[in-house]
Amino acid sequence: MRHTISILLQNEAGALARVAGLFASRGYNIESLTVAATPDDDVSRLTLVVFGDDATVEQIIKQSAKLVDVIEIGELTRKEHVERELLVARVEGDEAAIDACLDRFSARLLQREGPQSVVEYTGSADAVDRFLDALRAAGDVADHARSGIAAIERPLVTA
Amino acid sequence: MTGADIVVQILADEGLDVLFGYSGGAILPVYDAVFRFNAEHPRDDGNEPLPLIVPANEQGACFMAAGYARASGRVGVALVTSGPGATNAVTPVRDSMADSIPLVVVCGQVPTGAIGTDAFQEAPVSQIMGACAKHVFLVTDASTLEATLRTAFHIARSGRPGPVVIDIPKDVQNAPLIFEGSRELPVRGYRSRLHAVESATLTDAACAAFFATLGASERPLIYAGGGIVSAGASGPLRDFAHAFGIPVVTTLMGIGGFDTTDPLALHMLGMHGAAYANYAMDDCDFVFALGARFDDRVVGVPDQFAPRARAIAQVDIDPAEIGKVKAVDWHHVGSLDQALDRLLAYGARIGFRRDLSAWHAHVAGLKRHHAMNFSRDSDSIQPCAVIEAINRITNGRAIISTGVGQHQMWAAQYFDFREPRHWLTSGSMGTMGFGLPAAIGAQFARPDLTVIDIDGDASIRMNIGELETVTTYGLPVKVVVLNNSGDGMVRQWQKLFFKGRFSASDKSLHKKDFIKAAQADGFEWAQRLDDPRAIDATIADFLAFDGPAFLEVVIDPDAGVYPMVGPGATYAQMITGDWIPSRDTPVEATGQPTGMF
């Protein structure tokens, strides 16, 4: 089962390593991990994606919740939430084919030097996979970097 | 003040009366500040207010601080230098984490600018300790030092207690700072969770649900763990058990949390628990777990633990322990003492009564038919007889520390523990070498009590350098070594599960003369006991000696620890040995080890 876990973490030396270490020590490969500051400078948000059985992941979340640096931890998997991942890719090929691909996915061209283009796309992990496939069909993808998933709960709608 | 002065001032403000530690370059400013503080603030009796006890190594220092904490309930403190000093502290820090012991370890670190350069005596303490401690602070901003220190003590003692490590670079120790006198770090997530747990109270509805379950039970059993000791809840536990007549089994860490001489006491359960305790767990229909975490040494096979229990209730201060191993039908996350007081008051208010006489008679029968026992007319000294003699002569009124292995289990089984904090043992980590330094720390915490380290020949070798610490400080610690020429518990497992191939566990050809070793370290009373007829007289003489004393007892090398629930076995498959009647067919020892190590 795929689990998306969101953590608010106090910015302290070693805090990130302690969280990641808890997952690693259970033998769980962290599929993706994004970390960035929140509107509060002292707090970072982590989004972790791991695959594992529900009971063990629940126990890891409980153990993580005990870490002194952790302010809040919760699993988003069963909640209404939005997931996004950023892709930047360097692709070489026919301009028109690449531009058509970018148009189709609403992706952006960031730079173009001769036959090489640097492009950007954000979307769910599946959408990023689909965009990469399309990009490979349009040109030669020389390199790419994916950010891992950032996720947040959907806005609460009050009746 | 310098950063180092602030460290020492906060240690004094925390009410410490002894520190343990080993010096080195990166902690020298703090050591100098301790010296100056002691010189400037002599106590009325002329003694130092913060004596610094120097062990043989940093592992010893931290186990002394942990022994101090276990015996007193207060936070123990060790001061160590960077690099090897700090890494020597890893084992006791992990040991304290596993047993929930409040400890603060102050580590010197290389100067801020040198961190990460492979500087002399540098080690990545925050990473290493991060995986072992309740929390680690690396103080890179000197202005946060004071708040960090105070927060470290708060974290160590609050909630589920544990060890906190503070890594302080040398330049931070030397920084000129202003002492504010009150600041703490926000640690807002921790504080809000702590507040929620500590202020949690049982509603009337929750109490009603608990008593409905208890009322439906005919054979209730309390399963009490180390949380009872940590929470200072032994009084509320006694009152609760007595009010409703519920028998009590304890874990290894829960020993002393319920008076073992109480008629309701069924003593320790688990892998080497009393047969009657394990049978009672097999027979009960309701388990009330208090500050106990269903450890594998207790539960064995989770699906078959307490097989007749129709309900399990659990109280713990740690939400992660609820339902971790066994699903529970009723639970409360909060302070044990408050929860038990509340349940007791509610039960009294509704006039709760339950006739448990049939269960009491059953339990009494189990205690009678499956009583602890061993070979009492052997030609060689039986270790259980030694523990019984110590118990008889001290009337069970001593602090007992142990190493890890057979001697630890015999001490747990054959000594009476009337009060909490008289039983100091490395429960979860199972750290050999724990006993002697822990006894030293305990003797500083409780100079009014006799402190006895019951050790094994292999365990004491691990930290035998601390014998000299005992005599250096003139501590009246009594050290008993049960010598069976080997790693007895390992041999017992090899005998049962490895067809008697004693790989690396036989020490019979070793040349150490323990008596000469003790004498060389300054023990004036150091004797060997090998005559079963002299047990009582020798032990009485040993315990009566006014000062440090060392007794080596040459025990039957074939003595085993029984009962034993083999790894991966159920209580019904328990091996009770030749001297304790079993009610079931014991499991045949297999030729292969099981998955449960």
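Of note:
- Computed per residue of chain A from DSSP H runs no shorter than four, each worth -39500 (n - 2.57), the mean residue ellipticity at 222 nm is -9500 deg cm²/dmol.
- Prolate/oblate/rounded label for chain B (Cα gyration tensor, a/c 1.5): oblate
- Residues of region A:8-44 that bury at least 30 Å² of accessible area once all protein chains are present, compared with their chain alone (1.4 Å probe, heavy atoms only, ligands and nucleic acids left out), are A:GLN10, A:ALA13, A:ARG18.
- Cα gyration tensor category, rounded, prolate or oblate, for region B:3-197 with a/c compared to 1.5: rounded
- Evaluated over the protein assembly as shown, the Cα radius of gyration and Dmax, each in Å: 29.3, 101
- Only protein heavy atoms count here, probed at 1.4 Å, and on that basis chains A and B bury about 1400 Å² of accessible area in total.
- Separation of the alpha carbons by more than 20 angstrom is noted, of A:LYS62/B:LYS134; B:LYS134/B:LYS326; B:LYS478/B:LYS511, for B:LYS134/B:LYS326; B:LYS478/B:LYS511.
- Cα shape, region B:200-369, gyration tensor, a/c 1.5 rule: rounded
- Value of relative contact order over chain B, rounded to a whole percent, pairs C-alpha under 8 Å and six or more apart: 13
- Rounded to the nearest 5, the antiparallel percentage of DSSP beta bridges internal to chain B is 5%.
- Helix-only mean residue ellipticity at 222 nm for chain B, each DSSP H run of n ≥ 4 adding -39500 (n - 2.57), per residue, nearest 500: -11000 deg cm²/dmol
- Which of B:VAL18, B:ALA65, B:VAL34, positive extreme of dipole for region B:1-140 (C-beta unit charges): B:ALA65
- Its residue count N sets the reference 2.2 N^0.38 Å, and the alpha-carbon radius of gyration of chain A equals 1.22 times that reference.
- In Hz, Karplus ³J(HN,Hα) per residue of region B:143-160 (6.51, -1.76, 1.60; θ = phi - 60°; x = Gly, Pro): 5, 9, 4, 4, 5, 5, 4, 5, 5, 4, 5, 4, 5, 4, 9, 8, x, 7
- Amide H contacts of B:THR2: B:LEU177, each under 5 Å away and 5 or more positions distant or on a separate chain (H built 1.01 Å from N in the peptide plane; Pro and chain starts excluded).
- Relative contact order %, region B:3-197, counting alpha carbon pairs below 8 Å whose residues are six or more apart: 23
- Nearby lysines by direct alpha-carbon distance to B:LYS495 (threshold 21 angstrom, same-chain neighbours under 8 apart not counted): B:LYS507
- The residues of region B:420-541 expose, per residue, 41 Å² of accessible area to a 1.4 Å probe.
- DSSP beta bridges in the protein assembly as shown [antiparallel fraction, %, rounded to 5]: 45
- For region B:339-359 versus region B:167-226, the gap between their alpha-carbon centres in whole angstrom: 26
- Its relative contact order, with pairs defined as Cα atoms under 8 Å and 6+ residues apart, puts region A:7-93 at 34 percent.
- Positive-end residue, chain B charge dipole about Cα centroid, Cβ charges, pick of B:SER380, B:THR260, B:GLY430: B:THR260
- Average other protein chain Cβ within 10 Å of Cβ, residues A:61-68: 6
- Averaging the Cα positions of each part gives two centres, and for region B:1-31 and region A:1-72 these lie 34 Å apart.
- The mean number of partner chain beta-carbon atoms within 10 angstrom of a residue's beta-carbon across peptide B:226-235 is 0.
- Under the convention that each Lys and Arg Cβ holds +1 and each Asp and Glu Cβ holds -1, the size of the dipole of region B:202-342 around its Cα centre is about 140 debye.
- Computed about the Cα centre, the dipole magnitude for the protein assembly as shown is approximately 1580 debye when only Lys and Arg (+1) and Asp and Glu (-1) carry charge, each at its Cβ.
- Pairwise centroid distance, computed over Cα atoms, of region B:428-497 with region A:84-120, Å: 69
- For region B:549-565, putting each phi into the Karplus relation 6.51 cos²θ - 1.76 cosθ + 1.60 with θ = phi - 60° gives couplings of 9, 10, 10, 9, 10, 7, 9, 4, x, 9, 5, x, 8, 10, x, 9, 9 Hz, in residue order, rounded to whole numbers and with x for Gly and Pro.
- Highest mobility in the GNM of chain A, judged by mean-square fluctuation with C-alpha springs under 10 Å and restricted to A:VAL118, A:VAL141, A:VAL68, is found for A:VAL68.
- Packing-based ranking, highest mean first, of B:393-404, B:248-259 given that Cβ atoms within 10 Å are counted: B:248-259, B:393-404
- Accessible surface of the protein assembly as shown [probe 1.4 Å, protein heavy atoms]: carbon and sulfur percent: 51
- Residue-normalised accessible area of region B:218-284, expressed per residue, 1.4 Å probe, Å²: 21
- Mean shadow area of region A:2-75 over all directions, Cα convex hull, nm²: 4.3
The values are calculated or read from the model by the stated rules, or taken from the named source; none is laboratory data. All values reported here derive from a predicted model rather than from experimental measurement. Backbone-built Cβ (ideal geometry, glycine too); neighbour counts: all protein chains shown. For the accessible areas, the whole protein counts, side chains as well, though only heavy atoms, and no ligand, DNA or RNA atoms are used. Shrake-Rupley method; radii C 1.70, N 1.55, O 1.52, S 1.80 Å.
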